[in-house]
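Each remark here refers to the structure printed beneath this line.
The values are calculated or read from the model by the stated rules, or taken from the named source; none is laboratory data. As the structure is a prediction and not an experimental result, all values here were calculated from the model. FYI the Cβ positions are ideal-geometry reconstructions off the backbone, even for glycines, and counts take in every protein chain you see.
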Amino acid sequence: MADLPKPDLYSLPTSPPNFDKVGTFYIAFSSTWTFLLVVGMAFLIANRSNPILKIRGLPLSLTAIAFIHFYWILAQITYPIGATLPVLPAYDIQYFFMGSWFPLGVALFHASNTRFLYVAKLQKQYTQPPNLRRKKTGCNGANTSWLCSLRNLDDPTRILIYVGIGMFIQILLTVGMWLACSKYHPSFGIAGTELRGDTIAEQMVELGRGWEWWPSALWQVIWTWIIAPILIWKAWGIRDTLGWRLQTIGCCVSNLHATPLWLIAMYVPAFAPVNKYFIPSQWIQLSVMMFEVFTIFVPCWQVVRHRSLRKRAADSNARWDTTSQATLRASNSGEWKSMSNAEKGPTIDILDKEMGDRLFTLGALDHVLNGNPGPLQEFSALRDFSGENIAFLTSVASWKVSWPGRDSQDRLRDAFTRALVIYTDFISPRDAEFPINLSSQDLKYLEAIFERPARIVCGEARVDPATPFAVEGSPRTRRAGSDADTEETDGDWIELGQIAGMLQYTGDIPDDFDATVFDRAQAHVKYLVLTNTWPKFVTEMQQQRRSGETERSGDTGHSGSTLASRISQLIHTFM
């Protein structure tokens, strides 16, 4: 009797769609989840100017989610319609998605998560005095050395370059190993890589695993068990009000199970009954869904919550601001001192729960900004990632105090130089690390006054906003004490002198420059703080106070504590 021919997986006929209860569930569930995800992404795009979203860098996050969601859809439709495709094309699709598309999406996703750490690190500079704020430590020669240029890039850009290089290598490996593995194309390939197995079931199993899958598994191990724990460790001590830490840690933790369970499902025979309905890659898709929950739906909830808080602050300000000065509790002892220990007069007990919404007013905010902005500055930088707003308001207030009038041309020039520092530090999109959020009309007004002097002093390249005038070797500037104190640039004579530890601009001062030049920007930013950072600050300080009172509920010795001791305790707790 002649031997029976060996079963041939390559000639296996296709099957009709499998729309049983499980298949119907997969189709309905994937359609519903995709619809909700698209709605959530559209909501985030529509609200992209919201401070909670604007600082996140939505384009990168949404692109990463789009990449990995396509792979998620592929896994959901495998059970109902996977058998309608010929075997080899079906596995080719799975192989290339798993080997290139999905790793790229995960890499972009974790690259977007690193922005959280980068922003948190840069915002710390706003907790320091202006002369001690962040200074770049890049190398010189950026125009001639690609390595130096790479080192001088910011962290997110540099990480994207590394991701791009890694993905290029991964794609080359994926394509190269597919060409070398003859089980995907019996007509060519390296000898010994043919499909093995005596039955169709064994061949099916062997087709979905082998050495050609190792680079993809390695990428997943690197991102989930090396990069993700590092992100968790670095983000653990950050307590932001934007839900960004929750998003980062939640995504990292929810992805830890994916690769181990995928490998177990692939190689442990006991999982065969489960794999029939829940294919091995579905263990990865669980983490993809958690990515989407934390990256799309949690920020949507944060935006809705933020809107409610803003409305409460705006309504409270409209209701109480005209009479708030009469209702704010104050101490005439001058015990609340500023960071410079200079007495600032009366102060507000922001911890008094009897004040209620009276503290959500512009008058209360002004009182703190003028009296002791230190705790608010720290909160905005370390918790709300909006330290540039408070720093801008305090810088403008200090600048206005020193306004000389037009009786002294030299002092007026000094005032313009300091105003130019404020512009490059906080306003200029080309120079500021975190440009404040202004309307296009206000921005154009300030650009008309300061942009040309800023380009003369700072040059065309983006410079360190902490020290915008410390430009060594700039073709448009020359330090005082050099061989010549003037230099001609594009027909203008720009003279630079040394005052107050910085370079002084001595070119033409625009006619529109006066003491009110920052008034509109100041009012706009102050209202943003009033409806964003200030209510969060007041609410959290009051919660801390109530928590502290609960702990001391049995101790009556604190009932007569002075305002000074309570404020001192607040600052100590916050620090």
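Quick notes on this structure:
- Every listed requirement among (1) without any contact (Cβ under 8 Å) to a residue 60 or more places away in the chain; (2) closer than 25 Å to Met204 by Cβ; (3) buried (at least 16 other Cβ atoms within 10 Å of the Cβ) is met by Met98 save one, (1).
- When region 373-392 is filtered for residues that are more than 23 Å from the chain's Cα centre (by Cα) and under 25 Å from Ala515 (Cβ atoms), only Pro373 remains.
- Restricting attention to region 507-545, the residues that are surrounded by 15 or more Cβ atoms within 10 Å (Cβ to Cβ) and among the small types (Gly, Ala, Ser) add up to 2.
- The requirement of being closer than 22 Å to Ile159 by Cα, out of contact with any Ser or Thr (no Cβ under 6 Å at 6 or more places or on another chain) and touching a residue at least 60 places away in the same chain (Cβ under 8 Å) is fulfilled nowhere in region 71-84; no residue meets it.
- Boolean, Leu117 is at pLDDT 85 or above, surrounded by fewer than 20 Cβ atoms within 10 Å (Cβ to Cβ) and under 23 Å from Ser61 (Cβ atoms): yes
- Of all residues in region 192-207, those satisfying the criterion of being surrounded by fewer than 17 Cβ atoms within 10 Å (Cβ to Cβ) and assigned to a loop (DSSP other than H, G, I, E, B) are Gly192, Thr193, Glu194, Arg196, Gly197, Asp198, Thr199.
- Residue within region 210-232 that is assigned to a loop (DSSP other than H, G, I, E, B) and assigned by TED's automatic domain parsing to the domain that holds Val175 present: yes
- Selected residue (criterion: farthest from the chain's Cα centre (by Cα)) from residues of region 3-60 that are surrounded by 18 or more Cβ atoms within 10 Å (Cβ to Cβ) and not in a helix (DSSP H, G or I): Asn47
- Against the conditions (1) surrounded by 13 or more Cβ atoms within 10 Å (Cβ to Cβ); (2) in a helix (DSSP H, G or I); (3) modelled with pLDDT under 85, Leu147 satisfies every one except (1).
- Every pair of residues 6+ apart whose Cβ atoms lie under 6 Å, when the first sits in region 294-311 and is outside the structural domain of Gly243 (by TED's automatic domain parsing) while the second is not in a helix (DSSP H, G or I): none
- Residue within region 202-213 that is under 19 Å from Leu108 (Cα atoms) and either in contact (Cβ under 8 Å) with a residue 60 or more places away in the chain or of a type outside the set (Asp, Glu) (or both) present: no
- Residues considered: Gly99, Gly23, Gly40. Of these, the only one that is under 22 Å from Trp178 (Cα atoms) and of a type in the set (Gly, Ala, Ser) is Gly99.
- Of the residues Leu382, Leu362, Leu420, Leu412, the single one that is buried (at least 23 other Cβ atoms within 10 Å of the Cβ) and touching a residue at least 40 places away in the same chain (Cβ under 8 Å) is Leu420.
- From Arg245, Arg239, residue being farther than 15 Å from Leu286 by Cα, surrounded by 15 or more Cβ atoms within 10 Å (Cβ to Cβ), among the basic types (Lys, Arg) and in contact with a helix residue (DSSP H, G or I) (Cβ under 8 Å, 6 or more places away or on another chain): Arg245
- Listed here are the strands (runs of 3 or more DSSP E) enclosed by region 422-531 that have at least 1 residues being at pLDDT 65 or above and not aliphatic (A, V, I, L, M): 502-505.
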